[in-house]
Amino acid sequence: MNNPDAEKSKKAAGEKAADYVRDGMILGLGTGSTVRYFIEKLASRIKAQQLDITAIPTSAASEKLARSLGITLTTVGEHPQIDLDVDGADEVDPQFNLIKGGGGAHTREKIIASASKEFIVIVDKSKMVSRLGNFPVPVEVLSFSEKYVWNEIVSLGGLPRRREGFLTDSGNIVLDCRFNVIDPEKLETDLKCIPGVVEDGVFAKRRPEKVIVADGRNVKILERVL
Ligand code: 5RP
C-alpha cells in the first residue's frame, strides 16, 4: 500500500511544479507517480486559463495520461528544443546528481531533460540523500548484449540484477546495479561506454536547475548554484 504521507508530499511537489508553466511553452513530461500529480494539475491549469501548451511525454504511461486529460502532444523530432522538463527521481544528492529509472523510462527521460532549457525535479523528502547509491542504478540494455554488459558492470564494481518481467517502452531489458561507491559523473560515462548499454540512470551531466522537495504540505524550492 502507498504511504499516505509520501503520497501527500508527491502531490504537493507535483502541483507546485505546475506554477512554473507559462503560456506558449513546449514541455517535457517525465514519468512516475509524482509526475502524475504534475500532469493532472497542468491539465487543469490549461483548461482554466486556456493556455497554449504542447507536451512531449517520456513514456507510454505519461502519454496515455496526458492524452486522456486532453493535453496537446508532440514529439522531440518536431520540437527538439524544449522550454521546461518536469520529472521525478529515485535519489537526489546535494549537488543535484540523480538516480532515475525506477520506472524504466530513464533513456527517454535523459533525452528530454538534455533537450530542455530548464529541468525541474519533483520529489518527496525521502529521495534526498547525502550520497547516491542506496537505490540501484537502472541500466537499459539490448538483450543481445546482456551477458557481456553484465560482466562489464561487474568489472566496474557493480552487482547487476535483471528486472524480471519488465521491458522498456523500446523493448529492452533493465539491469538494476548496486555500487558501493558512486562517483556520479565517472559512473555515468563508464556505464554509457559499454557497448550494448542503451542508457544508464545516473544523471550527472544533465542535472536539474531546481529541485522541488515536499514533506507533507511543506514545499521547498532548491536551486542549483550555477
Ligand atoms: C521513471 C523515473 C521516475 O521519475 C522515478 O522512478 C520516480 O518515480 P516516482 O515519482 O514514482 O517515485 O525515473 O523512470
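Give all pairs with beta carbons closer than 9 Å in which a residue from segment 98-126 that is more than 10 Å from the ligand (Cβ to nearest atom) meets a residue that is open to solvent by 10 Å² or more (accessible area, probe 1.4 Å) and aromatic (Phe, Trp, Tyr); count only pairs at least 6 apart in sequence or on separate chains.
If the second residue must be open to solvent by 10 Å² or more (accessible area, probe 1.4 Å) and aromatic (Phe, Trp, Tyr), the pairs left are 118/20; 120/20.
Count, please, the residues in segment 1-59 that happen to be assigned to a strand (DSSP E or B) and without any contact (Cβ under 8 Å) to a residue 12 or more places away in the chain. Before you say what the answer is, go through the steps one by one.
Step one: list which residues in segment 1-59 are assigned to a strand (DSSP E or B), which gives 26-29, 54-57.
Add one more test, that the residue is without any contact (Cβ under 8 Å) to a residue 12 or more places away in the chain, and what stays is none.
Looking only at that region, the number is 0.
Any idea which of (1) closer than 30 Å to residue 178 by Cβ; (2) of a type outside the set (D, E, K, R); (3) within 16 Å of the ligand (Cβ to nearest atom) is the one residue 94 doesn't satisfy?
With (1) closer than 30 Å to residue 178 by Cβ; (2) of a type outside the set (D, E, K, R); (3) within 16 Å of the ligand (Cβ to nearest atom) applied to residue 94, the lone miss is (3).
Considering segment 19-39 alone, what residues qualify as being open to solvent by less than 50 Å² (accessible area, probe 1.4 Å) and either more than 12 Å from residue 121 (Cα to Cα) or away from the ligand (no atom under 16 Å from the Cβ) (or both)? Steps first, please.
In the first step, residues of segment 19-39 are kept if they are open to solvent by less than 50 Å² (accessible area, probe 1.4 Å); the result is 21, 24-32, 34-35, 37-39.
Matches in segment 19-39: 21, 24, 25, 26, 27, 37, 39.
Got at least one residue in segment 40-55 being within 30 Å of residue 185 (Cβ to Cβ) and at pLDDT 95 or above? Lay out the reasoning, then the answer.
Here is the first cut: in segment 40-55, the residues within 30 Å of residue 185 (Cβ to Cβ) are 55.
Still in the running and at pLDDT 95 or above: 55.
Checked against the condition, which is being within 30 Å of residue 185 (Cβ to Cβ) and at pLDDT 95 or above, segment 40-55 yields at least one hit.
Among what's in segment 1-18 and is closer than 10 Å to residue 122 by Cα and within 10 Å of the ligand (Cβ to nearest atom), pick the residue that is surrounded by the fewest Cβ atoms within 10 Å (Cβ to Cβ). First the steps, then the outcome.
Going residue by residue through segment 1-18, those that are closer than 10 Å to residue 122 by Cα are 9-17.
Next, only the ones that are within 10 Å of the ligand (Cβ to nearest atom) stay: 10, 13-14.
Details: 10: 25, 13: 30, 14: 28.
Checking each candidate, the answer is 10.
Which ones in segment 142-155 are within 18 Å of residue 181 (Cβ to Cβ) and within 24 Å of the chain's Cα centre (by Cα)?
Keep residues of segment 142-155 that are within 18 Å of residue 181 (Cβ to Cβ), which gives 152-155.
Correct list: 153 only.
The values are calculated or read from the model by the stated rules, or taken from the named source; none is laboratory data. Computed from a predicted structure; not experimentally measured. Positions of Cβ are backbone-derived with ideal geometry, glycine not excepted, and every protein chain shown enters the neighbour counts. Ligands, DNA and RNA are stripped out before the accessible areas are found, and what is left, the full protein with its side chains, is counted by its heavy atoms. Shrake-Rupley method; radii C 1.70, N 1.55, O 1.52, S 1.80 Å.
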